[in-house]
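Q: Quick one: this structure, given as structure tokens, is what I'll be asking you about.
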Amino acid sequence: MLVPLCFLSKQEISGLFRPNFSLFKEKLFHNLLFLTVPLLFVYIYAFPKALESANFQIFLFSLALGSVNAVTEELLWRGLYLKLFSDDKWLYILISSLGFAIWHLAPQQIFPNKEPGGQISFVVFAFFLGTLFSTVVYNTKSILLVSIAHMLLNFAGLGARVYLN
């Protein structure tokens, strides 16, 4: 969170959270597809498994944890990088997605993914997700919708199970 705060002003941060529905509509199909496909995948694949070991406390803590994590990651990987690479769409998408994917290696060292493909599949998914989200941010110049989608994705894994079970 400190890195974006060093490079983005309060006005720039609030501007990143302003919805730009007119820009969203320009590439409506792509933006909707890129926001919903990962959510559908995670809620069909991961969420039912996560529910098996969840309780109310895990739900609440997962919502809080997922929200804070999503907003701070979006400010860093999509918001700040949009400012730094706004002139080159493909460089922005590549650099922000690679950074986002590599960033997801760290938690894999502590809590490795037990799903098929292990740590690598988690990082590849993070790159794929980063590419989709970065495209939406570039199209809309806003991190609002991807932050909400990211919160929903984080919640679907019910990450608090790691800490409360």
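Q: Place a label point 7 angstrom from the Cα of Cys6 along the Cα-to-Cβ direction, then list the residues of the range 56-78 whose backbone nitrogen is under 15 Å away.
A: Residues passing the 15 Å test: 76-77.
Q: Would you work out the relative contact order for the chain, in percent, from Cα pairs under 8 angstrom that are 6 or more residues apart? Walk me through the numbers before you get to the answer.
A: Values: 186 pairs, mean separation 74.0, N = 165.
RCO, the chain: 45 percent.
Q: Considering only the other residues whose Cβ falls under 12 Å of the Cβ of Gly15, what net charge follows from Lys and Arg at +1 and Asp and Glu at -1?
A: Details: positive: Lys10, Arg18, Lys83, Lys141; negative: Glu12.
Here the count lands on +3.
Q: How far apart, in nanometres, would the label points at Asn20 and Glu115 be if each is projected 7 angstrom from Cα along the Cα-to-Cβ direction?
A: Rounded to a tenth, the inter-label distance reads 3.0 nm.
Q: Moving on to the next point. Once the other residues with Cβ under 13 Å from the Cβ of Val136 are scored (Lys, Arg +1; Asp, Glu -1), what is the net sum? Let's see the in-between values first.
A: Working: positive: Lys25, Lys27, Arg78, Lys89, Lys141; negative: Glu26, Glu74.
Here the count lands on +3.
Q: A further question on this structure: For the range 1-83, just say rounded, prolate or oblate: build the C-alpha gyration tensor, square-root its eigenvalues into a ≥ b ≥ c, call rounded for a/c under 1.5, and beyond that prolate if a/b exceeds b/c, oblate if not.
A: Working: a/c = 2.86, a/b = 1.36, b/c = 2.10.
Oblate, because a/c is 1.5 or more while a/b does not exceed b/c.
Q: Once a ≥ b ≥ c are taken as the square roots of the eigenvalues of the Cα gyration tensor of the range 1-44, is the result rounded (a/c under 1.5), prolate (a/b larger than b/c) or oblate (a/b not larger than b/c)? The partial results should precede the final answer.
A: Numbers: a/c = 4.01, a/b = 1.60, b/c = 2.51.
Note, shape of the range 1-44 comes out oblate.
Q: Assuming a strict under-23 Å limit between Cα atoms, what lysine pair count do you get for the range 24-164 once near-sequence pairs (fewer than 8 apart, same chain) are dropped?
A: Number of lysine pairs found: 9.
Q: Please sort 39-46, 84-91 by packing, taking for each peptide the average over its residues of neighbouring beta carbons within 10 angstrom, highest first.
A: Numbers: 39-46: 13.6, 84-91: 12.0.
In descending order of packing, they fall as 39-46, 84-91.
Q: Given the -39500 (n - 2.57) contribution per DSSP H run of 4+ residues, what per-residue ellipticity at 222 nm results for the chain, rounded to the nearest 500 deg cm²/dmol?
A: On the way: 12 runs with 126 residues, N = 165.
Mean residue ellipticity at 222 nm (helix-derived): -23000 deg cm²/dmol.
Q: Now for a separate question. With a ≥ b ≥ c taken as the square roots of the eigenvalues of the C-alpha gyration tensor of the chain, please select rounded if a/c is under 1.5 and otherwise prolate if a/b is larger than b/c or oblate if it is not?
A: Details: a/c = 1.64, a/b = 1.59, b/c = 1.03.
In terms of gyration-tensor shape, prolate.
Bear in mind that the values in this text are calculations on the coordinates, not laboratory data. The shown structure was predicted, so the numbers you read here are calculated from the model rather than taken from an experiment. Virtual Cβ from ideal backbone geometry, glycine too; neighbours counted across all protein chains shown.
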